[in-house]
Structure formats: structure tokens, C-alpha cells
Amino acid sequence: MSKAEDILIELKELQIQHELEEYRSVGRRDQIEADLMATLKSNSDFSLGQAMSAEQFQELNWMLVRLGLRSAGSQMVRKRLFVEILEQKPEVFKFSLDRMISGERAKQLIQASLKLENLRKELIRTAVYNPFFAQFLSDVLYNGIKGFLAEGGIGKDIPLAGNIMRAGQALLGRAMEGLEGNFEKPIKEFIRKNIDSTMHHTEKMLYTAFEGEEFTETAYQIYQDWAGRELGSMLELVSQEEYAAAAECLADWPEFLIESREFQSLIRGAALSFYDNRKDASLTRILSEHGVEPENESLPAVLSYLLHNLERWQDDAGVLESSIRKRLDSFYSANSTLEAISNKL
């Protein structure tokens with residue numbers, strides 16, 4: 001082995017030890033945070049498209065969603081936690097609805113929902129032809145017809161009805177008890193025969209109701225009615241028992257969503273749409289639009305903590321030194337490096 005080769009080996013080992021000492025130094029996390037802060041405060045126009053590809057951005061979003069569902073998401077459905085939120089109403093619930101979504105954004109969402117025509121029709125069709133809805137509709141029709149008869153609508157067909165109505169509420173109640181048996185069967189039979197037609201007309205009515213400017217105005221009016229209310233006040237409308245019952249019903253939702261191809265497609269589709277629209281925008285601007293200003297030290301602090309812990313884990317696992325060696329080998333093993341040292345000797 002030549003003298004130049006000995007020098008290169010020694011230099012490589014010295015550099016490896018130097019880099020490991022830098023990674024293991026007490027001020028390493030502070031240095032990472034300072035570097036991140038300087039990057040965010042710089043005027044460099046580093047765009048989203050330069051940072052990652054569309055596929056990488058989709059994968060990043062789906063990974064973050066999966067992490068949320070498997071950690072915080074799964075814990076959020078614990079009954080005790082749901083009830084505690086309802087009782088304590090933490091700081092987040094002091095925000096009003098319009099702090100979370102502006103009026104303009106609400107209008108955009110309403111308009112966007114109107115464009116999902118096929119999905120909207122499929123949801124309406126599925127809901128209308130659900131057996132529960134058919135039973136609900138039958139009960140509504142039956143009670144509506146019976147109420148109409150009780151309030152005097154039968155007067156045209158039954159001569160005694162007018163006299164019954166004039167006899168007073170108490171007598172009417174007794175009379176209807178006797179008449180109900182005669183009316184109940186034909187009413188229910190009529191509803192049974194016509195329920196399919198009624199549901200079909202209901203479906204068409206709902207299609208019409210969920211389109212056009214009228215729906216937009218109605219939906220926006222609902223938003224305005226609730227916009228100024230704090231989320232905590234909305235929770236007061238829900239009892240602890242109802243809240244806990246909802247938690248029980250949602251107990252399996254994280255795994256269900258993780259395994260759902262449709263949900264993954266939804267997340268990836270939304271990520272791709274965002275990427276296509278903003279790939280030329282600078283990362284600093286995108287972060288600023290989402291409330292993360294360069295002057296906000298929380299983001300660099302969190303990221304530096306994460307990166308520093310990752311480096312420590314790599315060091316404990318022996319991965320860090322191996323990675324440094326692999327990176328430096330390409331330089332110190334190059335013929336041009338050996339030739340440059342040999343020419344200086």
C-alpha cells in the first residue's frame with residue numbers, strides 16, 4: 001500500500017470521527033433548529049414541485065393520514081376521552097365556526113358539492129331505498145293521513161264527522177278510537193301499495209332540492225346561522241350519553257378507513273389536486289398560507305426535535321456511522337483523489 005493510500009485512509013477515519021462528534025454534540029439539535037429557521041426566513045423561492053414529485057407528495061399525505069388514524073385517531077374514539085372533551089371543552093372548542101372556515105370558503109365548498117352530481121345521486125338513491133327510510137316514510141304518511149282525518153278531513157266522506165267535530169275534543173277522541181280500527185287497515189294498505197311510487201317521487205324531489213342556486217342559498221344560510229357560535233356551545237346540544245354512544249359506534253373507524261381503497265383514493269386525489277395547483281408556489285408561501293410564518297419558531301423546533309431524535313436512533317442502531325462511511329467511500333476511493341494526493345507527495 002502506497003503512502004498516499006495510507007494518508008487517504010487516515011483522513012477518511014478522521015473525517016468520520018469528526019462528523020460523528022458533530023452529530024453527537026450537545027448543541028446538535030439547536031444547530032438543526034437554527035439552520036431550519038434560516039431556511040424558512042430566507043428569500044429563496046424553493047417551490048413545492050422542486051421539493052418533491054407528485055407521487056411523493058401523494059405518498060407523504062397518505063402516510064401522514066395513516067399515522068394519524070393509527071395513533072391519535074384511534075385514541076380519539078375512546079369513550080372516556082369523548083366524554084371528557086364534552087365536559088371540559090378544551091381551548092380548541094372556544095373557536096367559532098367562521099374562524100375555522102371563512103364564509104367565502106364555505107360558499108366554495110357548497111358550490112363544489114353541487115358539481116359531484118353522480119356521487120350525490122348515488123347517495124340519495126342509497127338513502128331513499130334503505131328499508132329504514134321506507135318504514136320512516138310509511139309512518140310519516142300514516143300519521144299524516146290519520147291526523148288529517150282527525151282534524152276534520154273526513155267530513156266530506158263521512159256524514160257523522162261534522163257532528164263529531166262539534167261535539168268537542170273529548171268526544172272526538174273517543175269517536176276516533178272507534179273509527180281508527182276501520183281506517184287503520186285501509187290506510188296502511190294504501191300506503192303499502194303506493195310506497196314504491198312515493199319513494200320514487202321522493203328521490204326525484206331530493207335530486208331537485210340538492211341542486212341550483214336555491215340549495216346554495218339555503219346551505220349558506222345555515223352556515224351563517226352557525227358561523228359565530230363557538231364549537232363548545234354546539235357540544236352542549238349533545239348529551240354525554242349520546243356522545244359516548246357515538247364513540248362506541250365509531251370504535252372501528254380508523255382501521256376501516258386505513259383499509260379502504262376508496263378513502264386512500266380520496267386522500268391521494270386531493271393531494272394530487274393540491275400539488276397540480278400549487279407545484280410552482282414557494283414552500284415558504286404555502287406554509288404561510290396555512291398559518292406557519294417564518295417568524296413562528298414552533299415549526300423549526302418541532303422538526304429539529306424530530307430530526308435530532310432520528311439521528312440519535314440511527315447512531316444507537318449503528319446505521320449512522322455506516323451511512324457516513326458509505327458516503328465518504330465514494331470520495332476517498334476515487335482515483336482522482338488518490339492521484340491528487342500522490343502528486344503532492
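Nothing in this text is a laboratory measurement; each read-out follows from the coordinates by a stated rule. Quick caveat: nothing in here was measured; it's all calculated off a predicted structure. Because the Cβ atoms are built from the backbone with ideal geometry, glycine has one as well, and the counts that use them run over all protein chains shown.
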Worksheet entry | segment 232-322: GluC sites (Glu not before Pro) falling in loop per DSSP and having at most 11 other Cβ within 10 Å | GLU236, GLU259, GLU295
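Of the cross-linked pairs LYS3/LYS326; LYS94/LYS279; LYS41/LYS107; LYS41/LYS279, which ones have a Cα-Cα span greater than 26 Å in the structure shown?
Result: LYS94/LYS279; LYS41/LYS107 exceed 26 Å.
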Worksheet item: What is the Å³ per residue value for the convex hull set by the Cα atoms of segment 1-66?
Response: 212
Practice prompt. Run the quick spin-label model on SER233 and GLU84: label points 7 Å from Cα toward the beta carbon, then report their separation in nm to one decimal.
Written response: 2.7
Worksheet entry | FRET efficiency for ALA112 and PHE331, using Cβ-Cβ distance with R0 set to 41 Å, rounded to 0.05 | 0.20
Worksheet item: From the square roots a ≥ b ≥ c of the eigenvalues of the alpha-carbon gyration tensor of segment 235-292, which class results: rounded (a/c under 1.5), prolate (a/b over b/c), or oblate?
Response: oblate
Worksheet item: For LYS115, which aspartates and glutamates qualify as cross-link partners when the Cα separation must be under 15 Å and same-chain residues fewer than eight apart are set aside?
Response: GLU211, GLU213, GLU214
Worksheet entry | Within straight-line cross-link reach of LYS12, aspartates and glutamates at Cα separation under 15 Å, skipping those fewer than 8 residues along the same chain | GLU21, GLU321, ASP329
Worksheet item: So what J values fall out for segment 244-259 if you push phi through Karplus, 6.51 cos²θ - 1.76 cosθ + 1.60 with θ = phi - 60°, rounded to Hz, Gly and Pro as x?
Response: 5, 5, 5, 4, 5, 5, 9, 4, 9, 5, x, 5, 4, 6, 4, 8
